[in-house]
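Notes for the one structure printed next.
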Amino acid sequence: MTLPKYTRSAFFSRYAMALLAVVLIGFAPSFFLRLVIESEPLPFYLHLHGALLTGWFAIVCGQALLIRKDNVVLHRRLGRFFAAYGVAVAIAALMATFNWVERELAMGATFESDMAAVNPLQATGISFLDFAAALVCFNIASVAGFVVLLALAVVFRREGSHHKRYVLFASLSIVTPGVARISRIVMQTEMGPIIPLGIAGFGLAILIADFKSLGRLHLASLRASLILFIINGVAGLIALSPYGKMLVRALA
């Protein structure tokens, strides 16, 4: 099956490769090269989470390259399996998030501890409870955004221009931890401009590509952007409310 030139645009495969590169670079010190750099072992569920997450971005690259090479038949056959794989990615991500609070408390943190004493690479000048409320709420939001957009990608699987945008925005929703780790490497902290600028840059790249190829925003890009904005906006409000702190205490 031969696709029109627009559908075979190299932008989407290159974008997928960029997301994979963020994960590989960001998690190199703490995951891929951990045995070389750090001696402390990771719990099994974090190994599972890291492997599944990396696998997802590799899969997105592979699927994008299949379309680039006009191998639509194989792309669609594999797509059924990869949709189920996405569910496993979401479950593993939630598992890592829900166990994070208990793990940090077990290593000596308290709800009143300043993050400078818990992990200064993540934050300083904020209590563990406040930081945990934000991290947990936004991590749940990232998984929710991933699931909603992946579901839309499945619904629109026969409409390529919609499908690939939903897949990329779904992937963008869960790449923030990789960007955060790059911030650690570059600035020795996750505080600062790298995370917001990095995520905004990835989002804007799709919108700019839309304008260059279509002269307008694609409907799928607009929907996906609004979905992520709403989900993360709600997460931010919950994190700042007493309910965010209640959630953290419930996970302890």
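Selection within segment 123-148: residues that are touching a helix residue (DSSP H, G or I) at 6+ places or on another chain (Cβ under 6 Å) and in a loop (DSSP other than H, G, I, E, B). The member of this set that is modelled with the highest pLDDT is ILE126.
Restricting segment 166-193 to residues that are more than 17 Å from the chain's Cα centre (by Cα) and among the polar types (S, T, N, Q), the residue that is nearest to ALA224 (Cα to Cα) is THR189. Is it the case that LEU219 is loosely packed, with under 13 Cβ neighbours inside 10 Å, in contact (Cβ under 8 Å) with a residue 24 or more places away in the chain and either of a type outside the set (Gly, Ala, Ser) or over 25 Å from LEU94 (Cβ atoms) (or both)? Considered against the rule, which asks whether it is loosely packed, with under 13 Cβ neighbours inside 10 Å, in contact (Cβ under 8 Å) with a residue 24 or more places away in the chain and either of a type outside the set (Gly, Ala, Ser) or over 25 Å from LEU94 (Cβ atoms) (or both), LEU219 comes out as yes.
Taking segment 95-119 on its own, how many of its residues are more than 18 Å from GLU40 (Cβ to Cβ), among the aliphatic types (A, V, I, L, M) and open to solvent by 30 Å² or more (accessible area, probe 1.4 Å)? Spell out how you get there, then give the answer.
Initially, segment 95-119 is screened for residues more than 18 Å from GLU40 (Cβ to Cβ), giving 95, 97-98, 101, 110-116.
Narrowing the set further to residues that are among the aliphatic types (A, V, I, L, M) leaves 95, 101, 115-116.
Filter once more, so that each one left must be open to solvent by 30 Å² or more (accessible area, probe 1.4 Å): 95, 116.
Qualifying residue count for the region: 2.
Once segment 21-56 is narrowed to residues that are of a type in the set (D, E, K, R) and open to solvent by 50 Å² or more (accessible area, probe 1.4 Å), the residue that is modelled with the lowest pLDDT is GLU38. When both residues are 6+ apart or on different chains and their Cβ atoms are under 7 Å apart, which pairs have a first residue that lies in segment 228-241 and is open to solvent by 50 Å² or more (accessible area, probe 1.4 Å), and a second that is in a helix (DSSP H, G or I) and small (Gly, Ala, Ser)? That search, which allows pairs on different chains as well, returns ASN232/ALA141; ILE238/GLY244. Scanning segment 123-149 for residues that are surrounded by fewer than 19 Cβ atoms within 10 Å (Cβ to Cβ) and among the polar types (S, T, N, Q) gives THR124, SER127. ALA224 meets all of the listed conditions (1) in contact (Cβ under 8 Å) with a residue 40 or more places away in the chain; (2) part of a loop (DSSP other than H, G, I, E, B) but one, namely (2). Evaluated against (1) at pLDDT 95 or above; (2) touching a Ser or Thr at 6+ places or on another chain (Cβ under 7 Å), LEU222 falls short on exactly one condition, (2).
Within segment 181-192, is there a residue that is at positive phi and either free of Cβ contacts under 8 Å to residues at least 40 places away in the same chain or β-branched (Val, Ile, Thr) (or both)?
Here is the first cut: in segment 181-192, the residues at positive phi are 188, 192.
From the residues that got through so far, the ones that are either free of Cβ contacts under 8 Å to residues at least 40 places away in the same chain or β-branched (Val, Ile, Thr) (or both) too are 192.
Taking every residue of segment 181-192 in turn, at least one turns out to be at positive phi and either free of Cβ contacts under 8 Å to residues at least 40 places away in the same chain or β-branched (Val, Ile, Thr) (or both).
Entry remark, segment 98-142: residues being in contact (Cβ under 8 Å) with a residue 40 or more places away in the chain and of a type in the set (Val, Ile, Thr) number 4 in total.
Return the residues of segment 112-122 that are assigned to a helix (DSSP H, G or I) and closer than 25 Å to LEU48 by Cβ; say none if nothing qualifies. Steps first, answer last, please.
Going residue by residue through segment 112-122, those that are assigned to a helix (DSSP H, G or I) are 115-118.
Hit for segment 112-122 is VAL118, nothing else.
Step by step: first the residues of segment 150-195, then only those that are small (Gly, Ala, Ser), assigned to a helix (DSSP H, G or I) and open to solvent by 30 Å² or more (accessible area, probe 1.4 Å), then the one that is farthest from TYR15 (Cα to Cα). Which residue is that? If we take residues in segment 150-195 being small (Gly, Ala, Ser), assigned to a helix (DSSP H, G or I) and open to solvent by 30 Å² or more (accessible area, probe 1.4 Å), then ALA151 is farthest from TYR15 (Cα to Cα).
Within segment 89-124, if we keep just the residues that are closer than 18 Å to ALA180 by Cα and among the small types (Gly, Ala, Ser), the residue that is nearest to the chain's Cα centre (by Cα) turns out to be ALA93.
All conditions in (1) more than 20 Å from SER161 (Cβ to Cβ); (2) surrounded by fewer than 19 Cβ atoms within 10 Å (Cβ to Cβ) hold for ASN71, with the sole exception of (1).
The values are calculated or read from the model by the stated rules, or taken from the named source; none is laboratory data. Predicted, not measured: the structure shown is a model, and the values here were computed from it. Cβ sites come from the backbone with ideal geometry, for glycine too, and all protein chains shown count toward neighbours. With ligands, DNA and RNA removed, areas are computed over all heavy atoms of the protein, side chains included. Shrake-Rupley method; radii C 1.70, N 1.55, O 1.52, S 1.80 Å.
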